[in-house]
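Comments concern the structure below.
Since every read-out is calculated from the coordinates, none of them should be taken as a lab result. Treat the numbers as computed from the prediction; the structure is a model and nothing was measured. Glycine also receives a Cβ, built like all others from the backbone with ideal geometry; neighbour counts cover every protein chain displayed.
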Amino acid sequence: MSAVFEPIAARPAPVRTEGFVPWTRRNLFANWQSTVTTVALVALFVYWLPALADWALFRAVFATDAEVCQSARGTGACWGVVAEKYRLIIFGYYPFEEQWRPQLATVLLVGLLVGSCIRTFWKSWLAAVWLVGLAVFFWLMYGGFGLTVVPTDRWGGLPLTIMLASLSIILAFPLSVLVALGRRSEMPAIRSFCIVYVELIRGVPLISVLFMASFMFPLFMPPGLTIDVLIRVLVGITLFAAAYMAEIVRGGLQAIPKGQVEAAQSLGLSYWQTQRKIVLPQALALVVPGIMNNFISIFKDTSLVTIVSLYELTGALGLALNSDADWRPFKIEGYLFITAIYFTFCFAMSRYSLWIEKRLNVSKTR
């Protein structure tokens, strides 16, 4: 007797794990604590939103009229201060009639940074493009060869911030890798030197490093020999950032099993071949969040160069408002303006870090 065919009951459709609704459920309403927190924050946002919108939009003054802003002070924002002072905030004391040069140089540098983040451009010629791009950047900023010379003490604002952050990151990253490898070296002299360097730099704040580079270092130079303050500050930030990044890289190196190195040695690979092809790719992939966190910190720490009379974005804002009594009371609007600039760059770096992590996770699951 043949068995009676009984179809299997239909199974429920797979639960969606991507999209706005699953993301909201997973991140905002995962449990009762998360739900209560989300509801409380939304309630506070709804409570404060009308007053914030009233101050920032409906009663705000957008005209570049200091008297109108004074009359509306306390009831509405004065965005006219940004419209009036934005060129001084963005470009600092750079000559007004030559400000097309830092504007073009900044676009060029940002273009290089964005292009370097695109995987299609990860080719051997990218380093040559960077060298040419940096040469053009400094030619536009400094002058010469047909352009009026503008000394570095006139540089400021956003171009100076992006330049200091970019070059510090580019120079600090390879140095940090070498220092991290040096701290794990079997040669006592190299290991001791790297340990002393890291502990010494991490034992002082960045302000002290900048102060030493700007004011103390020239005292040890031979008479008549001077190094531009911008170069000294750049070196100081690079050394400071490399010390912290070296510890991040060393953490990734220590996470690699010793068997990986032993397997490479059994294949006849040299020390540098082992590090370059086996150890470093895995170690750096493990510490992407820490490295990007250091990059973001470097970008924000450039605001400290104001103490050595280099007026980057934050310092340029102080120059723009403190030198004009009519607009001085409206610092909050100016700080909100540069906060938006800082947030845009930092948020972009954060999202790029998440993209790299996602790509690395995909490669691990294949």
Starting at the first residue of the range 330-347, write each ³J(HN,Hα) from the Karplus equation 6.51 cos²θ - 1.76 cosθ + 1.60 with θ = phi - 60°, in whole Hz, x for Gly and Pro. 10, 5, 4, 5, x, 5, 5, 5, 6, 4, 4, 5, 4, 5, 4, 5, 5, 5
Give me the net charge for the shell around residue 85: Cβ to Cβ below 15 angstrom, other residues only, Lys and Arg +1, Asp and Glu -1. -2
For Cα extents along the principal axes in Å, several values are listed as (i) 100, 63, 41; (ii) 71, 64, 47; (iii) 62, 48, 41; flag the one computed from this structure. (i)
Within 10 Å, count the other beta carbons around each residue, average over each peptide in 324-332, 166-174, 23-31, and list them highest first. 166-174, 324-332, 23-31
Amide H of residue 61 versus every other amide H placed in the peptide plane: which residues, excluding those fewer than 5 positions away on the same chain, fall under 5 Å? 77, 78, 79, 80
Estimate the FRET efficiency between residue 42 and residue 124 by the formula 1/(1 + (r/R0)^6), using the beta-carbon distance for r and 35 Å for R0, to the nearest 0.05. 0.10
Enumerate the aspartates and glutamates that residue 300 could reach by cross-link, defined here as Cα to Cα under 18 Å, with residues fewer than 8 away along the same chain left out. 312
Figure the gain on full extension for residue 9 and residue 30 (residue separation times 0.36 nm, minus the Cα-Cα span) and round it to one decimal in nm. 4.5 nm
Looking only at lysines whose Cα falls under 26 Å of residue 123's and that sit 8 or more positions away or on another chain, we get 277, 358, 364
Name every cysteine in the chain that ends up alone, with no second cysteine's Cβ under 4.7 Å, or say none. 117, 194, 346
For the range 179-254: relative contact order, % (alpha-carbon pairs under 8 angstrom, 6 or more apart): 41 percent
Under a cut-off of 21 Å between alpha-carbon atoms, report the lysines in cross-link reach of residue 85, not counting same-chain residues fewer than 8 places apart. 331
What list of ³J(HN,Hα) couplings, whole Hz, do you get for the range 316-328 from phi and the Karplus terms 6.51, -1.76, 1.60, once you set θ to phi - 60° and write x for glycine and proline? 5, 5, x, 4, 5, 9, 5, 8, 9, 5, 5, 9, 4
Karplus 3J(HN,Hα) series, Hz, for the range 199-216 with 6.51 cos²θ - 1.76 cosθ + 1.60 (x for Gly, Pro): 5, 5, 5, 6, x, 10, x, 4, 4, 5, 5, 5, 5, 5, 5, 8, 10, 8
In whole angstrom, how far apart do the alpha carbon centroids of the range 32-95 and the range 222-274 sit? 43 Å
Largest fluctuation, 299, 45, 138 only, Gaussian network model of the chain with Cα springs under 10 angstrom, belongs to 45
Provide the packing ranking of 288-298, 68-78, 259-269, i.e. peptides ordered by the mean count of other C-beta atoms within 10 Å per residue, highest first. 288-298, 68-78, 259-269
Net charge, residue 314 excluded, C-beta distance under 14 Å - Lys, Arg +1, Asp, Glu -1: +1
